[in-house]
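Structure first, then comments.
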Amino acid sequence: METLYQYAWLIPVLPLAGAMIIGLGLISYNQSVNRLRTASSVLIVSLIGTAMVLSFGLLWSQVQGHAPYVQSFDWAAAGDFHLRMGFVIDHLTALMLVIVTSVAFLVMIYTDGYMAHDPGYVRFYAYLSLFSSSMLGLVISPNLVQVYIFWELVGMCSYLLIGFWYDRKAAADACQKAFVTNRVGDFGLLLGILALYWATGSFEFDVIGDRLQDLVQSGALSGGMAALFAILVFLGPVAKSAQFPLHVWLPDAMEGPTPISALIHAATMVAAGVFLIARMFPVFEGIPVAMDVIAWTGGVTAFLGASIAITQNDIKKGLAYSTMSQLGYMVMAMGVGAYTAGLFHLMTHAFFKAMLFLGSGSVIHGMEAVVGHDPVLAQDMRLMGGLRKYMPITAITFLIGTLAICGIPPFAGFWSKDEILGQTFNANPALWLVGWLTAGITAFYMFRMYFSTFEGSFRGNDSAIKQQLKIEQLQRMGLAFGPGAMNPKELTAEFPTSDAPDNSPDAHDSHHSSTPHESPLAMWLPLVILAIPSMLVGLIGTPFANYFEAFIHAPGKVMETAAEFEWSEFLIMGGSSVGIALIGITLATLMYRTQKIDPGAIADKIQPLYQLSLNKWYIDDIYDAVFVKGSRRLARQVLEVDVRIVDGLVNLTGFVTLVTGEALKYLESGKVQFYALIVFGAVLGLVLVSGIT
């Protein structure tokens, strides 16, 4: 078993090797390597599969009580300064390794079916493997410097994957937005890391926590400065985990291929922020101000994401705002001190949200057979409906994921979300109320999504809805502002696709079916596999036998901890969360399944609130006006200063030199008598001036 720990460094290295082999092949022999599609995918999937097996071995060893294992070496040294690199395997690392590798393994299998006809198939696998390596390297990092290195690598990979179809403006804009927004948070993280090193003289997690507490208690460092340092570090997770106010990049990131949404935006990259908070918890927990900021940031984000999701018609963007909301739950849990509950929800959410995203990709794949590769049509739930009859496997797994995220027992999401709400109530009842209301909104918008997609009659062939959607798209593009301004020929215009690149074989495929179809085996098999933990994994964290909490906290072998369990408290808290979820499900059923309530009429009555949700609380518009257009105005003003003042002074100097040179050149005759006359005249002038004065 000790040998397994000694070779744990292979877990991030194996996918890195796969990415390097494929990447170098694409650079050197592009056409030949692109033909080796099957060989490339088998290589990448095999390597991540091997890493997954090693990860499960380490997790089992940690469950059995193996002590944390650290292996490091001096990477840089100068005097008393020593920067060490290496890896650490403890309970938190082992858990995250299993989550990342298992989800990545299933997503890569799914990718073979989803990207089968894409010309960038091999390049996509190389990017996936590089991302997986970066995320795994982040997880095993023993100090903040190594975390930051892999943190930035993860950000670079997300840029490449979101903008995978870089020849489309929407994808190019989305990856730039994600990159810039994350740089804001990462700059704060860098400042926080440097500040903590300045205060404590260390980059090691446990050392920083202990020394920072000693400095504050001794008065050598004020509590306000310690809180500032902690909040600066927290800015990194705010951006990476899409927390308010740096959440705006996540919905736009849906422009990337759907497997990316499942891997990056459900289970791994966005969870990196929560992981860093967990890793830095010894630092945060001793600073009440920082903990309050973390808790309220999570609570506001959870409610904000849920309130926007209720009006989304794009199935992927609806899931994106759902992810944002669930990440808010995790961050809120960390902020109120519910460390274990936050990690538990991270684990359960990774499985059921990855399944939901992959399910949305399966739906889009089926819809494209009917409406083509236009994302406006293939991803809009208003053109779906009745898909359960055509895609039964996708429908069943999507329903399981929906029940899990709504917190319906005994599905996984119930146990983790109820644990968060219970501990939040004990710490801050106001935050609990926010989380409780968000749970009801979550149940409403998720069943709205399920009913609109899988129940009722199929609307994919309704020309009136297609025309309405194209008019809406033209209006967003600024080509139309209402029926009176509409050119009828615009309705037949071709639009760039979102889930297929412009140069792909399928982008110009004119063959359409009248009905959708179930996805191939490579796509529905990962859905079925992910459905199992979505139903059952929550049972390891039940409050009456919480193996998960015992594993995270116990230094030795995991044992059942059923002592001091209060059934009355559990039934009250659990019953309240299930009750609000059932209210949300009932409302969704009456509106979108039985049509006994007209959602359009309700929207008309509360038009300001409806528009607030539909326009994403106008946060994107505010950012566009203040930062995008504001920076452009500032750039134009700086340009004016540069052209008129800086360049003007330089040009004026040159002009004066030119004019004076032109004037003086006539005085240069080369005759000594002329020069003597000038000197005599100058002396005479001086004498006259001095005589007058």
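Basic side chains Lys and Arg get +1 at the Cβ, acidic Asp and Glu get -1 at the Cβ, and with that the dipole of the chain about its Cα centre reaches some 1160 debye.
So what's the angle, to the nearest 10 degrees on a 0 to 90 scale, between helix 223-240 and the longest Cα principal axis of the chain? With both axes taken from Cα atoms, the answer is about 70 degrees.
About the centre of its Cα atoms, region 272-383 shows a dipole size close to 100 debye [charges on the beta carbon of Lys, Arg (+1) and Asp, Glu (-1) only; nearest 20 debye].
Expressed as a whole percent, the accessible area of the chain that falls on carbon and sulfur atoms is 67 (1.4 Å probe). Helix 521-536 and the longest principal axis of the C-alpha atoms of the chain enclose an angle of approximately 70°. Each Lys or Arg adds one and each Asp or Glu takes one away; over the other residues whose Cβ falls under 11 Å from the Cβ of A635, this sums to +2. Positive-end ranking of G541, F454, A295 along the dipole of the chain, with charges on Cβ about the Cα centre, is headed by F454. Couplings for region 383-388, taken from phi via the Karplus curve 6.51 cos²θ - 1.76 cosθ + 1.60 with θ = phi - 60°, read 9, 9, x, x, 6, 4 Hz in order; Gly and Pro are left as x.
Placing R0 at 45 angstrom, the Cβ-Cβ distance between Q673 and N651 gives a FRET efficiency of 0.70 after rounding to 0.05. Over the Cα atoms of region 337-490, each weighted equally, I'd like the Debye log10 I(q)/I(0) at q = 0.10, 0.11, 0.16, 0.18 Å⁻¹, rounded to two decimals. With one equal scatterer per Cα and no solvent, log10 I(q)/I(0) is -0.50, -0.58, -0.90, -1.01. Both the radius of gyration and Dmax for region 27-90 are 19.4, 54 Å, in that order, over alpha-carbon atoms. Taking Cα atoms only, the orientation of helix 37-63 departs from the longest principal axis of the chain by about 70 degrees. In the full protein context, the chain carries 43 Å² of accessible surface per residue, based on a 1.4 Å probe and ignoring ligands, DNA and RNA. Were the residues from W198 through A116 laid out at 0.36 nm apart, the gain over their Cα-Cα distance would be 24.4 nm. Debye-formula intensities of the chain, expressed as log10 I(q)/I(0) at q = 0.05, 0.07, 0.10 Å⁻¹, are -0.29, -0.51, -0.96 (one equal scatterer per alpha-carbon, no solvent).
You can think of it this way: the chain between T38 and W617 has 203.9 nm of extra reach, that is 0.36 nm per residue less the Cα-Cα gap. When a/c is below 1.5 the answer is rounded, else prolate if a/b is larger than b/c, else oblate, so apply that to region 1-127 with a ≥ b ≥ c taken from the square roots of the Cα gyration tensor eigenvalues. Since a/c reaches 1.5 but b/c is at least a/b, the shape of region 1-127 is classed as oblate. Each label point was placed 7 Å from the Cα along the Cα-to-Cβ direction; for I465 and V207 their separation is 6.1 nm. Would you please classify the overall shape of region 215-302 from the alpha carbon gyration tensor, given that a ≥ b ≥ c denote the square roots of the eigenvalues, rounded means a/c under 1.5, and beyond that prolate means a/b larger than b/c while oblate covers the rest? In terms of gyration-tensor shape, prolate.
Charge tally for P142 (other residues, Cβ to Cβ under 9 Å; Lys, Arg +1; Asp, Glu -1): 0. Mind running the shape call on region 629-693? Use the C-alpha gyration tensor, a ≥ b ≥ c as the square roots of the eigenvalues: rounded below 1.5 for a/c, prolate if a/b tops b/c, oblate otherwise. The shape class here is oblate.
Quick check for you: which residues of region 318-346 have the amide N under 13 Å from the point 7 Å beyond the Cα of Q217 toward its beta carbon? Residues passing the 13 Å test: none. On the basis of the beta-carbon distance and an R0 of 41 Å, D292 and E2 show a calculated FRET efficiency of 0.45.
The values are calculated or read from the model by the stated rules, or taken from the named source; none is laboratory data. Note that the structure is a prediction, hence the values are computed from the model and not measured. Methodologically, a virtual Cβ is constructed for each residue, glycine included, from the backbone with ideal geometry; neighbour enumeration extends over all protein chains shown. Ligands, DNA and RNA are stripped out before the accessible areas are found, and what is left, the full protein with its side chains, is counted by its heavy atoms. Shrake-Rupley method; radii C 1.70, N 1.55, O 1.52, S 1.80 Å.
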